[in-house]
Structure formats: C-alpha cells, structure tokens
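In what follows, a structure is listed as structure tokens, so that the remarks can point back to it.
Quick note: the coordinates plus some simple rules give every number you see, no bench work behind them. Quantities reported herein were computed from a predicted structural model and do not represent experimental measurements. Cβ sites come from the backbone with ideal geometry, for glycine too, and all protein chains shown count toward neighbours.
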Amino acid sequence: MDPMNFLRRRLFVPIWVAKDRSPRLKYMRQLERSQYFDLERLRELQFSKLKRMLKYAYENTHYYREIFQEAGIDPARIQDEADFKKIPVLKKAHLRRHHQRFVSDPYRDKRLVPFKTGGSTGQPVIVLKDFETIELGVAAAYRSFKWAGWRIGEPMGRVWGNPPSKSTIKAKLRNLLIDPEIFLDTMRIEEKEILDFVKKWKKFKPTVLHGHSHSIFIFASFCEEKGIEDITPKGIVSTSMMLMPRERTVIERVFNCKVTDFYGSEEVGLIACQCENHKGMHLNMENVYVELVNMEGKDVTPGEMGTVLVTSLINKAMPLIRYQIGDMAIPSRETCGCGRGLACIEKVTGRVADFLVRKNGSLVAGVSLVERTLTAYPGISQMQLVQEDIDNLIVRIVRSSEYKSETGKLLTNELKNSVGPDINVHLAFVERIAPGPSGKYRFSISKVPNPYMNF
Ligand SMILES: [Zn+2]
C-alpha cells in the first residue's frame, strides 16, 4: 500500500474527524454492518426512522404541520406504508415556492449549507443541510465508493463540472491529508486540460475515477486515440443517470475495469448504487426512503417504469417527504446475490423531462432513441434531440466525415417511426454539443409536459 494512503487512513483522517466532531467514520462503520442485515430487518429499521422524521417534520416545520392538518393525517398514527402514502407528493415547484417554510424551527439560526440542483430541467432547487446531514451523506457515499474499489485515504480522480477551487491553505491541506482528489473540469475538456489531468494522475495515482458518464467517455476516447495507458483505476463510478451501452464498452475497454452506476442528487445525496456484482443498484435504505410510482401514484411492479419519490431520513434541517425528484426508474425483478440485504432497483431510465411525448400522450425514452440511431447510422458522432412542442423535433447533429445525405433521410424516418409519422423532424448541424451549466450533458430534452409532471 502507498505509505501516504496508509498515513491518511490511519492517522490524518481520524484526527481530522475527531477535531471536527464528524460522525462520518462512526456512521460508515454502522452502514458497513447494516448493509448485511436481512431485508426485513432493514425495512423495519427504515420505517422506524421514517416515522421519527414524519413526527419531527410535523412538530417543527410550518409546511408539514399545515399539510398534515389539511389532509387529516396524524403522524403518530402512521403505522404502515398505506398510511404513509396518504401524504401528498411534494413537487419541485412547491419546494421552490415555499422554501423557507420547509426549514425546521430548531435549525433556523444554525449554519446551513445550500445544495443547489443544476436546474437543467427548469429553475434550480435549493435544499439546506446541516453539518451532520452532510457527514452522514458522505459516509453513505464512502460505502458505495468502497464497493467500486476505493478505500478511505486514497486519492480520487474526478471528471466534474465547475470543480471547487482549493485556494486557501486549509483547503489545500485538507486536499493533501484528508480528501485527496484531482479534477478534470467537464466545462473545459480540451486536449491541454486532459493532458494536465493525466500528468496529475501519474503523480497522485487515484484508485477510482468518478464523474459524469459522458465526460468519462470523452476522456476514455481521448486516451484511446492518443495511446495513453497510464490511467489504471481499480474502478469507475459514473454518476450520470444513463450511460449509453456503447459508451460503457469504450470506458471499460480503455481503463480495463468495470463502471459502477451511482445514482444521487443534490437534494438527498446518494439514492442507489451498484455493488461489485454490477447487477441492479442497491438503495441507500438507511438514509433515504424511495418509492417508484405510476401516474396514479401506485407502486409500480418489478420491471415496470415509475417516477421516483424520495424521503430523506437524515435531513432534519429541511425535511423532504415524498419529494418527486424528476427521474424515472425500474424496480428489480431479482436480488443481487452479493449477500447485502439492501433492496435493489434495476436501473434509472432518465429524467422525466428526457422523455419525448407522442400525440397520443405515450412516452418515448429519448436517450434510448439517441443510442439506437447513433449506432445504426454511420456519420453521426453526437446527437441531441430537442422536442420543442408536440409537432416539432429538432435533431442537433455533430457530423463525422462518413455523413451522407442518405443518413439524414434514414434518421428522419427512424424518428418518425418511433415518435409518430406527423412529427416534423428538423436536422440542425452543429460543431459540438456542449454540456449544461452544471457540466452535465443531456442528449434528449422535451419541452412538452408529460403526464408524470402533473400526476
Ligand atoms: Zn449486491
């Protein structure tokens, strides 16, 4: 083992944690134990945490006191999931509008840290967290990074948008002794920056490469093209919701290790992650209560797609209950087999707003459509679908030298077949498709409201 990694794990991290009175290591030890509890015990544990959070939210926040009273719900009487599901779903618009009413009374004067969503599907949402919630979130993320091959004290390579600046002495010291990480900024993913990142990689030797899936793919493609063989992580953690299969193949081939899918959000932190078996994603049951529901608000069955509702079990500063986070996912048909009791979802299928809408109201998974057409027709190196309204679909295309006018015709026909013969397909040739403000790429954007936005 690298002596510096050993010193960090055994000495610097524990000292820092004790100085800050951080619960992260203690909580991580608890999480490493509880992941092996059987599912029934985990569910009981989770439900008792949930009941405590409901009672707390009712007693300490203006918003939930009013909502519960209006709906005639007494949190002390919630005994099972059916009772819990009587609580109305919380929409992003509500959270934005009544933001201050979600902050609980005991935390109003405390120092809280804002966590802001990228806002790529509308205006951003801000969730406030206290120190303890942040640390508990870090512990859960640590547990999942460990599944991908990382250990406390080891450096991490991150491919990320707008990386934090570490200009103060304290931040630099912390980066050296506690959380060593090097960054490749996804907003400036050019040759010079990539080579600079490779140079840093050789020096710091991160164990895990972590970042937005498509940006990791761009990095992997660059390394393959230039014959760079120095990037040898034990694992890759991809945080983007949909990693296209062909991109996964390239990343795994170039870096010679598996990609771990990690699903998290600014609002509630880690939601689910693959373990070393890479079958389904284990839910972070100790921190978040997750429901996957259909348009009527009923639980979907395994294999069926539903919209994701989350309830934080740890954030008392700003409780979020049955919050519709804006993603779609599918519950698992099978158990993972690794021995962990944590329930699994099969996969996250995209954002609600990624789905194109047909005239009859049915949905088309835009990202899957991009994947299918990209591989079917030569000459398209990148593509983005933007459904402007129910009648118009703009296809932004980055062409390669193999592009022929025939490609455009075939692509148009394929899109009309999938979305509907009446849709007007407009091809727009562009130099590049840039990431959004948070550094994440989106390959399908629908501006047409779909039923999941209004249920
Ligand atoms: Zn597993």
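Details
- Count of residues meeting criterion [in contact with a helix residue (DSSP H, G or I) (Cβ under 9 Å, 6 or more places away or on another chain), in a helix (DSSP H, G or I) and closer than 19 Å to Ile325 by Cα] in region 80-99: 3
- Flag if Leu292 is farther than 20 Å from Trp201 by Cα, among the aliphatic types (A, V, I, L, M) and touching a helix residue (DSSP H, G or I) at 6+ places or on another chain (Cβ under 8 Å): no
- Across region 258-269, the qualifying residues are those that are within 14 Å of the ligand (Cβ to nearest atom) and charged (D, E, K, R), and the one among them that is surrounded by the fewest Cβ atoms within 10 Å (Cβ to Cβ) is Lys258.
- Enumeration of residues in region 100-121 that are over 17 Å from the mean Cα position of the chain (by Cα) and not aliphatic (A, V, I, L, M): Gln100, Arg101, Phe102, Ser104, Asp105, Pro106, Tyr107, Arg108, Asp109, Lys110, Arg111, Pro114
- Scan of region 320-334 for residues that are within 16 Å of the ligand (Cβ to nearest atom) and of a type in the set (Gly, Ala, Ser), ordered by number: Ser332
- Residue within region 335-352 that is at negative phi, touching a helix residue (DSSP H, G or I) at 6+ places or on another chain (Cβ under 6 Å) and more than 16 Å from the ligand (Cβ to nearest atom) present: yes
- When the residues of region 347-378 are filtered to those that are surrounded by fewer than 17 Cβ atoms within 10 Å (Cβ to Cβ) and of a type outside the set (D, E, K, R), the one that is farthest from Pro302 (Cα to Cα) is Pro378.
- Residue that is nearest to the ligand (Cβ to nearest atom) [pool: residues in region 231-241 that are assigned to a loop (DSSP other than H, G, I, E, B) and over 30 Å from Asp130 (Cα atoms)]: Lys234
- Taken over region 163-187, the criterion of being farther than 19 Å from Val208 by Cα and in a helix (DSSP H, G or I) is satisfied by Ile169, Lys170, Ala171, Lys172, Leu173, Met187.
- If the condition is being within 16 Å of the ligand (Cβ to nearest atom), surrounded by fewer than 16 Cβ atoms within 10 Å (Cβ to Cβ) and within 24 Å of Lys49 (Cα to Cα), then region 270-311 contributes no residue at all.
- Residue selection: Thr249 satisfies the criterion of being in a helix (DSSP H, G or I), over 19 Å from Arg442 (Cα atoms) and within 21 Å of the chain's Cα centre (by Cα).
- Residues that are of a type in the set (A, V, I, L, M, F, W, C) and surrounded by fewer than 19 Cβ atoms within 10 Å (Cβ to Cβ), drawn from region 391-404: Ile394, Val398
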